[in-house]
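The values are calculated or read from the model by the stated rules, or taken from the named source; none is laboratory data. This structure is a prediction, so every number in the text was calculated from the model and none was measured. Cβ placement follows ideal geometry from the backbone for every residue including glycine, while neighbour counts extend to all protein chains displayed. Surface areas here come from the heavy atoms of the whole protein model, side chains and all, with no ligands, DNA or RNA. Shrake-Rupley method; radii C 1.70, N 1.55, O 1.52, S 1.80 Å.
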Amino acid sequence: MKKLICAADVEEWVSSGQKRCCIDRNTIVTPAAHDKARELGLEFTDEPCGTLSSEAAGSETQDDLDMNAIFKFFKMLSEKGMVEKLLGMTLDPPYQAETDPTGLKLVRGRTVKMEAYDTGTSGAKVYRQEVIGKPDCSISAGFMTVDHGCFQQETAHEETYIVMEGTLDVTLNERTFTAHEGDVLFIPKGVKAIKGSSNCARMFYMTYLAGGPDRKLQ
């Protein structure tokens, strides 16, 4: 299979410190890539990578190829804001809380940062943030927002919602129940329903046993 080198490849290699690139008869270098290489000082050579002198620092050996792949991978993750998740670190905590050795936990609601929640429904704008859950207790609780849309799911646990803003609609058995600000809505385990809002509903949810508020329909 032919390997194609374009101008964008040259820019990435140079930005990572590479000065020389080995090519062979199975490599196609576009005219734009040649121009960019001359502009940035990258040298193309048909000399086998294993025979390059020690002065040819930056030649594209197998190690260079591996490093280029790693560089592109982490660059993609960084652009999508996923590096912290990959490393298992959170540089900026999702909320502020005070705790006590007894297990008491006080979450400052105004500091909670919502995250996109995958409902399995394309286009559904749903966000949530769990603030209480495993391993601290047997329930899961947090904040959820449904923004002008709906999605269908089956409850994996018993769920309770307290509507804080807007309205939450739950449709099952051809009947729609609308919870308004200050209302409490309970949904038993194993119920298939359509949840949604004609506005932007913000609510506090609790599930028992601990876990996410629902699961996707199969």
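So is residue 146 at negative phi and modelled with pLDDT of 90 or more or not? The answer is yes for residue 146. Yes or no: the range 181-204 includes at least one residue that is surrounded by fewer than 16 Cβ atoms within 10 Å (Cβ to Cβ), within 21 Å of residue 96 (Cα to Cα) and of a type in the set (Val, Ile, Thr). For the range 181-204, residues surrounded by fewer than 16 Cβ atoms within 10 Å (Cβ to Cβ), within 21 Å of residue 96 (Cα to Cα) and of a type in the set (Val, Ile, Thr): absent.
Among the residues of the range 153-167, not a single one is in a strand (DSSP E or B), among the small types (Gly, Ala, Ser), in contact with a Cys (Cβ under 8 Å, 6 or more places away or on another chain) and open to solvent by less than 40 Å² (accessible area, probe 1.4 Å).
For the range 112-128, a residue qualifies if it is in a strand (DSSP E or B), in contact with a Ser or Thr (Cβ under 9 Å, 6 or more places away or on another chain) and not aliphatic (A, V, I, L, M), and the qualifying residues are 127, 128. Within the range 13-48, the residues that satisfy the criterion of being closer than 16 Å to residue 3 by Cα and of a type in the set (Gly, Ala, Ser) are 32, 33. Would you mind stating whether residue 143 is touching a helix residue (DSSP H, G or I) at 6+ places or on another chain (Cβ under 8 Å) and either over 22 Å from residue 92 (Cα atoms) or surrounded by 15 or more Cβ atoms within 10 Å (Cβ to Cβ) (or both)? When the stated conditions are applied, residue 143 passes them.
Kindly indicate the residue of the range 7-19 that is within 14 Å of residue 36 (Cα to Cα) and open to solvent by 50 Å² or more (accessible area, probe 1.4 Å) and also farthest from the chain's Cα centre (by Cα) among those meeting that condition. Step by step, filter the range 7-19, then rank; the result is 19.
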